[in-house]
Each structure stands twice: as structure tokens, then as C-alpha cells.
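Below: the structure, in C-alpha cells.
Just so it is clear, none of the values below were taken in a lab; they were calculated from the coordinates. Nothing here was measured: the structure is a model prediction, and the numbers come from that model. As a convention, Cβ positions derive from the backbone with ideal geometry for all residues, glycine included, and neighbour counts pool all protein chains shown.
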Amino acid sequence: MIERYARPEMTRIWSDEHKLSLWIRVEWAVLQALAEEGIIPARDWDVLRPLAETVDLQQLRRRQQEIEATVHHDVIAFLWALEEQLPPEGRWVHYGLTSSDIVDTAFSLQIQEAGDLLLTGLEDFLDALKMRAIEFKDQPIMGRTHGMYAEPTSLGVKFLSFYAEARRNRGRLLDALEGLRVGKLSGAVGTYTQLPPSVERRALDLLGLRVEPVSTQILPRDRHAHLIQSLALLASGLDRLAVEIRLLQRTEVGELEEPFTSGQRGSSAMPHKRNPIRSERLSGMARLLRGFSITALENVPLWHERDISHSSTERMMLPDATGLVYYMLHLATRLVRGLVVYPDRIQENMERFGRFYLSGRVLLMLVRKGVARQEAYGWVKEASHRVLKEGIPFEQALREHPEISRRLTEDEFSDLETFPALKHVDAIFERVLGSDEEM
């Protein structure tokens, strides 16, 4: 994770020193289980028990690097360096285990810690979206499909849509994290050749993890792929928000705008520029997350009981994926809270081409009058296109259309002016905010 987008609390979780502290934690949980089972002497465990807290992690990391330069195996180097800081009873460390028992189990612990930060960031993001959704519940804004005017919607409903999606992504993330709340201490190929399942069960219980029902030398990587895909979906939801902001901030639209500080600059050459750089950053980062999901899927089909083709990717992918999403959530939360809304420009844009967006309403009025749908559709299309081409009011185009004008009454023409396009917005909000159920 490059420093520019790193947040310190997430960086600490993925630091080498913290990883080694978790490796020690797993080793000591196994030692306790071995002592309770009577496999190692209780007196030796009594000697070792307090020493996990006394290991100098910085010295351990330096020494591990020195040894790894020769042995080219990080866990062997770790064990060698650790043994140098322990008394003779340290010979019991890693008893009956294989490297992946420690690495994968500690990896699950790291992922849970990172997940806690992600969930906290996600809750802040949800709070920001909910606040803006309620604030702008009754603010009309032009809805667009294919980038073209459609019918009016509510700016609050836009925010509510992102809120509902973020809730779904929270559910997916929780499910993926729960799926990785597992470890394995089952030996070289997962069949407990050296240690009984009871040791694994007790050690993992001490660590707050469940036993992987069927492991090989490693935890199955579909679990990790599920997490990465959940993060990619979450990032894509942030991207969808970012794209909406970017489109509505364009000069010719100007309905929303990212917060712009007094000292901020938009261009080295053009002083007038106020670019949506935060939204663009979110979109770019989401592309990385979607790329990670492909890599994670490729890590699922390994050779036989394992190979290490997944290992090199995970060393980069998991820290970067969790770190990026954590940064994105923080950025998106600040963006939503500081987003500037221009109601006058919204209204101006809605009326810019006349109220031809009421064409669907007129179509249904004519159908109720007994006109065949396709015939009515053609008439309203003709009137609407006159509005766009000639710049006349929609009501004028309707009144001047010979077929429409003789079928609609004055009261019905008047009703178009007061048509409540947002009359069911409260029902949408009730459906999302009036229930604790996940969307």
C-alpha cells in the first residue's frame, strides 16, 4: 500500500511486526493446547507462557530477514530467529505443525482486524448517506436514463439508493468475514498426521476462530476470493456514487459539486477549473479492486494439496485491497458530507427544455380517454419533439396538436402543471429506513 493512500490504523495491521506478533500468538495458542493435552510438559509451558509478550519484534524481524536471505523460507527464518530469543524450552515451538498452519491461521486473524476497521468505516459512510437522503428527500431533480432526460426523481432517493446498496455491501462483507473466521492446524496435508484434531480445536478456540472442516495444507482459497469479491462490489458501489457526482458536476449541468477549499487549485494552466478529483480517485481505485477479484479467483484452483502461486499475490492483494477500501470509505464519507447542492440550477435544468418530461403522464391520460396506446404514443412523441426542436412550452405543443387538444380538457391541461411526480417518495423511504431488515 503506497503511503499516499494509506491510513495508519490499517497500515499497522499489515506491518511485518504485527504479522510476526500474530504468528507468535498462534504458536503460543498451540503450545497451551499441547500442554493441556499432556503432549508437552506443563512445566515447560509455564516457562514459555509469559515469553510471548517479551519478544522484541523489531529485532525478530531484522534477524528473520538476515536468515531468510540464506534459507529463502520466511517461516523457517522466523522460527530460527525466535528460538534465539527463547530458553531451551523453546524447542516445543512449532511442534507438529507445518508453515501454513501458522501463516494461514494468523492471516485469518489479520483479516478479521482489517474487517473491523472496514465495518467501522462503512458505518460512517452509511450515516453520511442517510443524513443527505433525508435532507433532500423532497428535492426534485431530473432523472436521466442513457444520459438523457427521463422523468423527475428526488435527490434524496438518489442518496437513498446508494445507502441501500451500501447496506447490501455491508451484509456481503460481514458474510465474507465470517467465512474467514477459520483457521487450520491440521498439519502438512490436513490429515492430522502429527497432532490430534483436539489440539487444533482447543488452539483455535483460544484464538476466537473456527476449525476449517476440510483443509489441505492451506485454507481453501474460495474463502479469500469471497472476501475480495465483496470488497470489489463495495468499491464498485463507491464508484457508482463517484460517477453520479462527476456527471452532475459537469460545467453544463452544475447541479452538484465536490467541496472545494479556498487554497485548492484545479489546474496548473486554467485557474477557473474546479475538478471532481475525489470522485475520480474513487473511480480509479475501484478499477484496481475489480482487478483484484480476478486474481483472487485465479488463486482458488491450486495444485493438489497446495502450491504457492497464491502466496505472492496475497502478500500484495489483501493489504492493498483492504487498505484501499478503507481509504475509499473515508474519502467517500467526507465527500458526501461536504457535497454542495445547487437547487436553483437543478430547477433551471428541469425547466430548460420545457416540461416535455411529462410525456408519460399525457400518454396515460390519452389511453384513459380510449385512444389506442401506440397511436397516443405517436401524438405525444410529435409534441415532445417540437418542444426540443422549437423551444416552445410543452403545454403549447400539446394544445397545438390537433388530436391531443381535442381530447384533453382545460382541467386536464391544468393538472399537468401540478402533477405530483414525487408523491410516493415517502413510501420508498419507509421501505428502506422504516425497517431494520437488510435491503
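Charge tally around Arg223: other residues with Cβ under 14 Å, Lys/Arg +1 each, Asp/Glu -1 each, net -1.
So what's the back-of-envelope 222 nm ellipticity for the chain, counting only DSSP H runs of four-plus at -39500 (n - 2.57) apiece and dividing by all residues, rounded to 500?
Computed ellipticity for the chain at 222 nm equals -20500 deg cm²/dmol.
For a straight C-alpha distance cut-off of 12 angstrom, the aspartates and glutamates reachable from Lys137 (same-chain residues fewer than eight places away being disregarded) are Asp426, Glu430.
Here the label points at Glu36 and Thr11, each 7 Å from Cα along the C-beta direction, are separated by 3.8 nm in the simple model. Full extension of the chain between Asp411 and Thr193 gives 69.8 nm of extra length, using 0.36 nm per residue less the Cα-Cα distance. Can you tell me which of Gln139, Gln32, Gln58 moves the most in a GNM of the chain? Springs connect C-alpha atoms under 10 Å apart. Answer for the Gaussian network model of the chain: Gln58. The long axis of helix 197-207 is offset from the longest Cα principal axis of the chain by roughly 60 degrees. Rounded to the nearest 10 degrees, the angle from helix 222-249 to the longest Cα principal axis of the chain is 30 degrees.
Shown for Val93, Val71: other C-beta atoms within 10 Å of each C-beta, ranked fewest to most, produce the order Val71, Val93.
Just so you know, the averaged projected area of the alpha carbon convex hull for the range 3-347 sits at 21.4 nm².
Multiplying the residue separation of Ala52 and Tyr342 by 0.36 nm and removing their Cα-Cα distance gives an extension gain of 98.5 nm. Against the longest principal axis of the chain, how steep is helix 359-368, in degrees 0 to 90 to the nearest 10, with axes from Cα atoms? Roughly 60 degrees between the two axes. Cβ crowding within 10 Å, taken as a proxy for footprinting-reagent exposure, orders Tyr357, Tyr342 from fewest neighbours to most as Tyr342, Tyr357.
Between Arg91 and Glu403, the distance separating the two model label sites (each 7 Å from Cα on the Cα→Cβ line) works out to 9.8 nm.
Would you mind ranking Ile24, Ile76 by Cβ crowding within 10 Å, fewest neighbours first?
On the way: Ile24 21, Ile76 16.
Placing the least packed residue first, the sequence is Ile76, Ile24.
Residue separation times 0.36 nm, minus the C-alpha to C-alpha distance between Leu174 and Ile2: what's the value?
In short, 59.3 nm is gained.
Computing FRET efficiency as 1/(1 + (r/R0)^6) for Lys423 and Arg201, where r is the C-beta to C-beta distance and R0 is 51 Å, gives about 0.30. Considering every alpha-carbon pair of the range 353-417, the percent of pairs per 10 Å bin, from zero through the bin containing the longest distance, is 24, 62, 14. For chymotrypsin sites (Phe, Trp or Tyr not before Pro), the sites in the range 83-114 that DSSP calls loop and that have at most 16 other Cβ atoms within 10 Å are Tyr95.
Where both bridge residues fall in the chain, DSSP classifies roughly 80% of the beta bridges as antiparallel.
Normalised by the number of residues in the chain, the average gap of Cα pairs under 8 Å and 6 or more apart makes the relative contact order 18 percent.
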